[in-house]
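Trainee: Structure provided below as structure tokens; questions to follow.
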Amino acid sequence: MSKNTNFRRHKMGGQDTEELKNFWEKVIEEQTKQREGEESRLSKSALNKLRHEWTLQLEGRARQVQAHTKTQKGQMTLLPIEALPSSDKTAG
């Protein structure tokens, strides 16, 4: 491009700007309706409710496993060697 290239500004008439404004307002309005519809659809979706219920069930099971593990550890105490049955018992 040469330095002498003359760029002309395009002047828009009042009617053109109003049409352009109306066009973009319609685009924004349509996008807003689509977004609101999607938000409404998601809020009515059962998936979030199911995920919440599954999370609660998993948390309950995890608590049960932890409680069971704690009780098993409590029952697994070391016995003194004297408490073990003797292997050299003779029939008498």
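Bear in mind these aren't lab numbers, they're just calculated from the coordinates by the rules spelled out. Everything numeric here is computed off the predicted structure, so don't read it as measured data. Don't worry about glycine lacking a Cβ; one is built from the backbone with ideal geometry, like all the others, and counts go over all protein chains shown.
Trainee: Could you please tell me the mean projected area of the C-alpha convex hull for segment 16-74, averaged over all directions and given in square nanometres to one decimal?
Mentor: 5.7
Trainee: At 7 Å along the Cα-to-beta-carbon direction for both ARG61 and SER40, put a label point, then send me their distance in nm to one decimal.
Mentor: 3.7
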